[in-house]
Each structure stands twice: as structure tokens, then as C-alpha cells.
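Presented below is the structure to which this report refers.
The values are calculated or read from the model by the stated rules, or taken from the named source; none is laboratory data. This one's a predicted model, so the numbers in the text were calculated from it and none came from an experiment. So basically every Cβ, Gly included, is an ideal-geometry build from the backbone, and we count neighbours across all protein chains shown. In case anyone asks, the SASA skips ligands and DNA or RNA and just uses the protein heavy atoms, side chains included. Shrake-Rupley method; radii C 1.70, N 1.55, O 1.52, S 1.80 Å.
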Amino acid sequence: MSFLVRHLTDYSNPNSLGSRMRAKRMKRIEEILRDVISEKGSATILDVGGLMQYWMALSDDVAEYCHVIVLSDEPQEGHFDDLASGFVGTSEFRQGDGCNLSEYSDCEFDLVHSNSVVEHVGNFDRKKQFSIETKRVGRNYYVQTPNLWFPIDPHYLLPFVHWVAAPYRFKRLAYKGLGPRNPAMNDYERAVHYIEHTDILDKELFTHLFSDCEIYLEKAGPLTKSFIGIKRAPKVS
């Protein structure tokens with residue numbers, strides 16, 4: 001099991017399953033961006049809940065025509081600036097909430113992107129609002145999220161733990177820790193908040209939230225590891 005976890009999460013190894021999945025994801029993103037750039041000469045990207053290092057994998061011949069806005073509810077300006085300095089396009093950090101993008105107009109961005117974010121925004125109403133705002137402000141969108149029924153939870157890097165009743169996970173995370181990434185918090189309320197905001201979706205819920213897109217299944221062997229929803233604007237003839 002530990003070998004499988006490493007194979008899924010070792011992004012320093014280009015041959016790992018995680019790295020190969022990430023490369024395939026970026027290829028799909030670049031296809032969208034190349035169409036946008038071909039149409040209008042540049043592309044604006046809103047990356048909701050993302051990190052700048054993700055966009056370093058974008059091909060230079062695409063990145064140079066892109067302006068990336070990384071939106072997060074947590075400040076990261078200093079760290080962001082260090083990473084953004086190596087990006088051949090332009091970029092900026094903004095603090096905000098992906099469930100409330102009221103400062104942005106309809107279809108303001110060529111691409112709205114989120115990678116493993118929707119499962120962290122909170123309850124169903126928040127997830128629904130996240131999907132509404134994603135679809136509203138983006139001409140195209142790309143949303144990825146883990147699959148509830150994949151046996152290894154990507155947040156805890158443990159098998160089956162995300163299928164266990166939440167009260168057990170509250171107590172375990174608060175007092176003993178939950179996997180190699182999550183030592184004991186020694187704070188029950190903080191543990192409850194973390195777990196309530198790590199709420200993985202199944203295909204039915206993902207499809208309900210993003211019903212206007214094409215859904216792709218990311219596979220690890222015969223199992224679906226995660227879902228990707230892609231909505232593309234009609235090409236201008």
C-alpha cells in the first residue's frame with residue numbers, strides 16, 4: 001500500500017502515476033488555452049484555490065500569452081512572488097472566496113480552473129455556489145476533484161479512512177493524527193473544521209454540480225481516482 005501511495009503522490013518522479021496524470025491534465029488545459037490564444041491572441045486564467053507552481057508546467061509557448069490570477073482565501077504573497085518570477089507569462093495573486101466572485105463580471109475569464117478545491121469549500125450550499133460562480137465568470141472551465149470511492153484518500157494518504165464515520169475521524173485527527181500529512185492537532189474544534197472541509201464528492205454529486213460540462217474519469221488501473229469536468233466555449237468561426 002505504501003508503494004501505491006508513493007506512486008500516486010511522487011511528483012518528483014516523472015514516471016509516477018501522479019506525474020503522468022498531472023501531465024495529461026496539463027495537456028487538456030493547453031488545448032483549451034491554445035484555442036483561446038488562436039482566437040484572441042492572449043488568455044486570462046482564474047485559478048481558484050490554486051498555487052503558482054502548478055502553472056510552471058505550462059509550455060512556454062502557451063504561458064507567454066497567459067495572464068494567471070491565483071485566487072485563494074489564504075494569503076501567499078511572499079511565497080507567490082518567489083514562484084511567479086520564473087513564469088514566462090504574467091501573473092498575480094488575489095485573496096478571495098471561490099464561492100463569491102461577485103467582483104467579477106460574467107465570462108470575465110477565458111478559463112476558470114480549480115484542482116482539488118470543490119471538496120474543501122464546505123457544505124452542499126457552498127459547493128453549489130462554487131459551481132455557479134465557476135460557470136458564471138468563465139468562458140471555459142476546468143474542474144478536477146478526487147473520487148469518494150477511490151480507496152486511498154489523497155488528503156490523509158490512508159486507505160479507506162474517508163469512508164469511516166466523521167465522529168471517529170474528528171477524534172482521531174484531534175488526538176492521534178490521521179496519516180503522514182496530518183499529525184494530531186490537539187484541538188477538537190479545529191479537527192472538526194478540517195474534516196468538514198475535506199468532503200470528497202462522488203460522481204453523482206459532481207455531475208449534479210457541473211451538469212453542463214464533459215466529464216472525464218482519471219483512472220488508476222481499473223479504479224476511478226478522480227473526476228475532471230471541462231466546459232469549452234463554442235469556437236468562433
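Here is the list for segment 149-202: chymotrypsin sites (Phe, Trp or Tyr not before Pro) lying in DSSP coil, each with at most 14 other C-beta atoms within 10 angstrom of its C-beta, are Trp149, Phe160.
Measuring nothing but how far apart in sequence close Cα pairs (under 8 Å, 6+ apart) lie, relative to its length, the chain scores a relative contact order of 16 percent.
Report, by chain and number, residues whose modeled amide H sits under 5 Å from the one on Ser226, excluding near sequence neighbours (fewer than 5 apart, same chain). So Ser226 has HN proximity to Asn147, Glu218. For Asp153, nonlocal amide neighbours, meaning residues 5 or more places apart or on other chains whose placed amide H falls under 5 Å from its own, are Leu158, Phe160, Val161, His162.
Its DSSP H runs of at least 4 residues, each contributing -39,500 (n - 2.57), put the calculated 222 nm mean residue ellipticity of the chain at -10500 deg cm²/dmol, to the nearest 500.
On the chain, 52 percent of the accessible area sits on carbon and sulfur atoms, based on a 1.4 Å probe.
Between the exposed loop cleavage positions of the chain, defined as trypsin sites (Lys or Arg not before Pro) in a non-H, G, I, E, B DSSP state with at most 15 neighbouring beta-carbon atoms within 10 angstrom, the longest gap is 1-175.
Cross-link pairs exceeding 24 Å in C-alpha to C-alpha distance, out of Lys127/Lys235; Lys24/Lys225; Lys40/Lys225; Lys127/Lys225, comprise Lys127/Lys235; Lys40/Lys225. For Val88, the shell of other residues with beta-carbons less than 10 Å away shows a net charge of -3, using +1 for Lys and Arg and -1 for Asp and Glu. Can you tell me, using C-alpha contacts under 8 Å and at least 6 residues apart, the relative contact order of segment 29-150 as a whole percent? Contact order relative to length: 26 percent. When the Cα positions of Val88, Val112, Phe160 are compared along the charge dipole of the chain, Phe160 comes out farthest toward the positive end, with charges on each C-beta of Lys, Arg, Asp and Glu. Dipole magnitude for the chain: about 1040 debye, using +1 per Lys or Arg Cβ and -1 per Asp or Glu Cβ, origin at the Cα centre.
Within a straight-line Cα-Cα reach of under 15 Å, Lys171 can be paired with the following aspartates and glutamates, leaving aside sequence neighbours fewer than 8 residues apart in one chain: Asp187, Glu189, Glu196. For segment 81-216, the dipole from Cβ point charges (+1 on Lys and Arg, -1 on Asp and Glu) about the Cα centre works out to 640 debye, to the nearest 20.
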